[in-house]
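Since the structure comes first, as structure tokens, the remarks are kept for the end.
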Amino acid sequence: MKNDVRLTGQERFFDQGEVIVSKTDLKGRITYANRVFLRIAGYQENEIIGMPHSIIRHPDMPRCVFKLLWDALEAKKEIFAYVVNKSKNGDHYWVLAHVTPSFDGAGNVNGYHSNRRVPDRRIVNDVIVPLYKSLLEIERSRENRKEGMSDSYKRLAGILAQKGVDYDELVFSL
């Protein structure tokens, strides 16, 4: 399935009481998507199951935030993050994501679970969009993607260190 959809600039919304839910295997392939996910992302279940979760990755989402997310998950920790996603037709939607590792009976991680809620628009517009824009500028200004992600991650880590919080604490302090 192609993932190079032209962005529309149109935002999609879901209701305050709704929750977008998805589950993935250890490689990030979608194993479950609820109806809200399917509706907002614009996919049918048979199109999305087995696809990499990155199929909904919006290009305006800084890679360093995903590094932060994966670092937390690899440490068997949960994380909360503001994320902008891309729908199948190129629309976008903002979420406050809560991502957790899933465990089998022996305590081994066997996948990941994400619940996404409607984010606070004031926080998205006043804090997250400018922050992510500055991180993207760093990522895109470097000669290669790896260097760009590393430098933006250092910038984000510096912001967190200056405030004396981790990313989750920053998210909840806004």
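Of the listed requirements (1) surrounded by 19 or more Cβ atoms within 10 Å (Cβ to Cβ); (2) in a loop (DSSP other than H, G, I, E, B), Val83 misses just one: (2). Specify the residue that is surrounded by the most Cβ atoms within 10 Å (Cβ to Cβ); the eligible residues are those in the range 14-39 that are assigned to a loop (DSSP other than H, G, I, E, B) and either hydroxyl-bearing (Ser, Thr, Tyr) or free of Cβ contacts under 8 Å to residues at least 40 places away in the same chain (or both). Here the residue is Asn34. Restricting attention to the range 43-56, does a residue exist that is touching a residue at least 60 places away in the same chain (Cβ under 8 Å) and either assigned to a strand (DSSP E or B) or among the acidic types (Asp, Glu) (or both)? No. Looking at this structure, is Asn110 within 27 Å of Tyr32 (Cβ to Cβ) and surrounded by 15 or more Cβ atoms within 10 Å (Cβ to Cβ)? Considered against the rule, which asks whether it is within 27 Å of Tyr32 (Cβ to Cβ) and surrounded by 15 or more Cβ atoms within 10 Å (Cβ to Cβ), Asn110 comes out as no.
Yes or no, residue by residue, for (1) among the basic types (Lys, Arg); (2) in a helix (DSSP H, G or I):
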site	(1), (2)
Ser102	no, no
Gly105	no, no
Val124	no, yes
Pro130	no, yes
Lys133	yes, yes
Glu139	no, yes
Gly148	no, yes
Leu160	no, yes
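Where a number appears in this text, it was derived from the coordinates with a stated rule and is not lab data. Owing to the predicted nature of the structure, the values given are computational and were not obtained by experimental measurement. Using ideal geometry, Cβ is built from the backbone for each residue, glycine included, and neighbour counts are taken over all protein chains shown.
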